[in-house]
Structure formats: structure tokens, C-alpha cells
1. May I ask you to work out the translational diffusion coefficient for the stretch 1-129 at 10 °C, viscosity 1.306 mPa s, via Stokes-Einstein with Rh from the Kirkwood sum over Cα pairs, reported in whole µm²/s?
2. Summarise the long-distance tail of P(r) for the stretch 193-302 by giving the % of C-alpha pairs beyond 21 Å.
3. Near the amide H of L360, under 5 Å away, which other amide H atoms are found, from residues 5 or more places off or on another chain, if H is placed in the peptide plane?
4. Once you place label points 7 Å from the Cα toward the Cβ at K203 and K75, how far apart are they in nm?
5. To the nearest 500 deg cm²/dmol, what mean residue ellipticity at 222 nm is calculated for the chain from DSSP H runs of n ≥ 4 alone, each contributing -39,500 (n - 2.57), summed and divided by the residues?
6. What is the fewest-to-most order of Y86, Y363 by other Cβ atoms lying within 10 Å of their Cβ?
7. With no solvent and one point per C-alpha, what does the Debye sum give as log10 I(q)/I(0) for the stretch 64-221 at q = 0.11, 0.15, 0.16, 0.18 Å⁻¹?
8. Whose amide H sits under 5 Å from the amide H of S32, counting only residues 5 or more places off or on another chain, with H placed in the peptide plane?
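None of the figures in this text is laboratory data; all of them are computed from the coordinates on show. Predicted model only: the values in this text are computed from it and were never measured. Methodologically, a virtual Cβ is constructed for each residue, glycine included, from the backbone with ideal geometry; neighbour enumeration extends over all protein chains shown.
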Amino acid sequence: MKIAIIGAGITGLSAAYELSKQQHKVTIFERSEVPGGLGTYIKVKNNYIERYYHHFFESDNLIIELTKELKIDNKLKFYKVKTGVYCENRIYPFSTPFDLLRFSPLSFLNRIRCGLATGFLKFLPLPPYPLDKIPAEKWIKKYEGKKVYEKIWGPLLEGKFSKYSSKISALWLWGRIADRSPRLGYFDGSVKILFDALLAKLKKKGCKIMLGAQIESIEKDKDGVIIKGKNIEEIFNKVIITTVSPVANFLIKSGLPQSLRSHLKSIDQLGAVCLILELKHSIQSQYWLNLCDKKSKVLVMVEHTNMIDKKYYGGRTLVYLANYIHRDDPRFITTDEEIIKEYTQILKSINSNYKDSWILKSYISRVPRAQTIFSTGALKTLPPFKLADNIYMANIDQMYPHDRNLDQGIELGKKVAAMI
Ligand SMILES: Cc1cc2nc3c(=O)[nH]c(=O)nc-3n(C[C@H](O)[C@H](O)[C@H](O)COP(=O)(O)OP(=O)(O)OC[C@H]3O[C@@H](n4cnc5c(N)ncnc54)[C@H](O)[C@@H]3O)c2cc1C
């Protein structure tokens, strides 16, 4: 069969890999000049890093399996890293249960409640599906206490989902907690290693990869589907779309019932705005720092070179400062200068020695749809894989209740390929 895949992110590539193993003729259309989608990367000092911070968990079994199949498993290494919380003007280590026991912004009783309730979610053997109907905020306040919500979860939920935070389901929170592992995985040379190996394998299997190829319409035809873009018009037996649901709805010009169109359009996502700084000096010693501070304009700071030695990046400290912002929010289109000014304010609070002159280079990335808003009841409204005869969709909107990640992308790619 001749199959078109829209998008060369992990989901599209994973689907392409499965289908080409079965001798199907696959063509991938990717609008960007580089593959990887949300997992894409940039060059920094003769090396590469992800545009948006990425690491893996020891529970990411499909990634681990794929690296073995692609013979790059020696490149994926797991590291014990330090994580922390910045609140009340100081950094608190937050990597182990003992760190929680020492977390003085909470009373001892609240630390115990927080540990027990979070541990309960973490060690459940199966996803607790009834939590789909309960808002995370309500669940946390009931079982961990209002103070725990105020000091830890509230700033994180509100930082990530802003005005949508009170609707986010407790099952999403379970997904965030359950998949985590104490050690974090990272590829020597970034996730580019995975994408390069996957693309090389796909090319060997005869798969065509069209970069810089934006698809503008998908139309049903009596023999299959017609895919159109600038200088592109080709007929395929089947198509898999890996863009988010509202974009898939926009691309498909015929053959969808109105009710499905309204459903696809109603699924919303937050965008991400991420600043990478090359710095002369380190800011602090944690790899991951949750910024639970009302003053902070950013949700998270990831000091990448506290996991991977700075010698791999010309001796420079690499720091990510990131936030999730809805694409309709005016902050989404602020200028690069304003982003740098706003996002770096927190660095001075974290390290009083920090000066703007430490910045050697900066990179700003914005993506309008990066995190699906999974409100209560999301399980019942997950979009289908098969949208119409010969038209399929697999995307981040279907990763619930797990947290959106590359491992889930591989799973969705396999799932949709199996359906075909
Ligand atoms: C800030 C941030 C941090 C993250 N951290 C991690 C992490 O630590 N670990 C982890 O595993 N995951 C992480 N993720 C999530 C991970 O990146 C995503 O889950 C995954 O990349 C989604 O892959 P996908 O293929 O489903 O979608 P995408 O990567 O979005 O791929 C869709 C592709 O479709 C292309 N496309 C769109 N429209 C068209 C069109 N009209 N024509 C042709 N092509 C089109 C896009 O350019 C894109 O390449 C993070 C994401 C973000 C934003």
C-alpha cells in the first residue's frame, strides 16, 4: 500500500518504521526543514541539544527497545541528577523522600501527607481511571492538604495550565507522577542520535522523507486520498496525520461528519516559549528546578550542564528557562528581547552574583501547540485514531492519561500502524 504520513515527529517516524517493516511504500511530509517536531534540536558549540529540554525515564520501555533495535543503545545513558524547588527565595532539594521530609515551607504533618498521597499515586499498579472525573486541584487539596497545594502543586499546575489549571484532571497528575524514575536518560549528542538512526533505517527501507514539505489539504478520493501542498499533489491509499487535532481538522477538506469536526476543533493546547542560554558560569547545582515562586515569570529552569558535563559544549553552562503560554495570550508574541529580560529576572533571585554579562548566546523557541489541556472527563473525549475511511490520526492529544512524551509517540505510531 502507498501510505502518506504528515509530520516527522516521533509519532510519524514510529508509524513509518512499523509500516515500512511490512513493505508498505511510505512517504513522510514534514513542513520543517529538520525532523523531530517537538523533539527537535539545535547546534550548540559543535554539539546538539534539544530546542525544548528532553530527558527520558527508566520506564520509557519503547524508547529503550527502539535504541536496541537501531543499535544505538550505547548512546542512551542514565544519570542520577539533582532536582529542586525554588520557593520562599531559596532552593530546596527535592530528589528523594528525605528531601521532602526536610522541606521546611510545609509543616511536618503536611510533608507526610504530601509524601503518602504522592507515593500512593506513584505505586498504583494500574491507572486510576476514576480520577479522570476529579480535578487535580480538588484531589490534592483533599488528600495532601491546602498548604501542599499552595506551596508545591498550585504554582506548578497554575504555571503550566494558567487559567485552565482548575479543570485539569487528577488522572493527568497520576500520569506525571507514575512514569518518573529516579535516574534520567539522555543521548550522547542529544535526541538527534535517535532521529538520525530512525531516518537512516527508514531510508534503507525505501521510505521517502520530504522535509520543508508543508501539506495544505487532504481530500478523499474514490481510490484513496489526495495530499496537496506547494508543488505537491499525490494520491495515496491511506494517510496518517500527526499534527494536533484542530490542525488535522483544518487539513482534511472533505469526508468528515460535522460532529467529528466540532470535536476535533474543541481540543485545545497550550503553546511553549523556551529560552536557552549559553552562560559563562553555572547558576546553581540542580539539574531540574521547579520555580514555585509567584515572582517568577517562568515555570521551570533546567540547567542542562548539571546533567551533561559542560566540556561537551565548549565549557559553557547551558540553561533552559521555559513557560507554557496559550497562543492567544499577548505574551506568546512578545519580542525576543522582552522574553530574555522577563525570563532572566529569576536568575538574579536564585544567584545574587548573576549578571546579564554572563550571557554569551541565547536561543528562543516558540511553538503554538505543545501541551494538550486534559480537563476532567478527557478519557471519554479522546479523539479517535480513524477519522474516516483511509484517514488516520495519531498525536499528542491522545497520549492521556500518560504525560506527553517520546515514548508515548512511539506507542501511538505502533498503534496506528497496526490499525492500518
Ligand atoms: C517543553 C517541552 C518539553 C518536553 N520534554 C520532554 C521530555 O523531557 N521527554 C519526552 O520524552 N518528551 C518531552 N516532550 C514531549 C515530546 O517532545 C512530544 O511528546 C513528542 O515530540 C510529540 O511527538 P509527535 O510526533 O506526536 O508530535 P510533533 O513532534 O509535534 O510532530 C508533529 C510534526 O508535524 C509537523 N507538521 C505540522 N503541520 C504540518 C503540515 N501541515 N505539513 C507537514 N508537516 C506538518 C510538525 O512540524 C511536526 O514536526 C516535551 C515537549 C515540550 C514542548
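1. Values: Rh = 19.0 Å.
Value of D from the Cα-based Kirkwood radius: 84 µm²/s.
2. Numbers: 3724 of 5995 pairs.
Of the Cα pairs, 62 percent sit more than 21 Å apart.
3. Those qualifying (amide H under 5 Å, at least 5 residues apart or on another chain) are E278, L279, K280.
4. 1.3
5. On the way: 12 runs with 124 residues, N = 420.
Rounded to the nearest 500, it is -9000 deg cm²/dmol.
6. On the way: Y86 24, Y363 17.
Starting with the residue having the fewest Cβ neighbours, the order is Y363, Y86.
7. Normalising to I(0) and taking log10 leaves -0.67, -0.95, -1.00, -1.10.
8. Amide H neighbours of S32: G212, A213.
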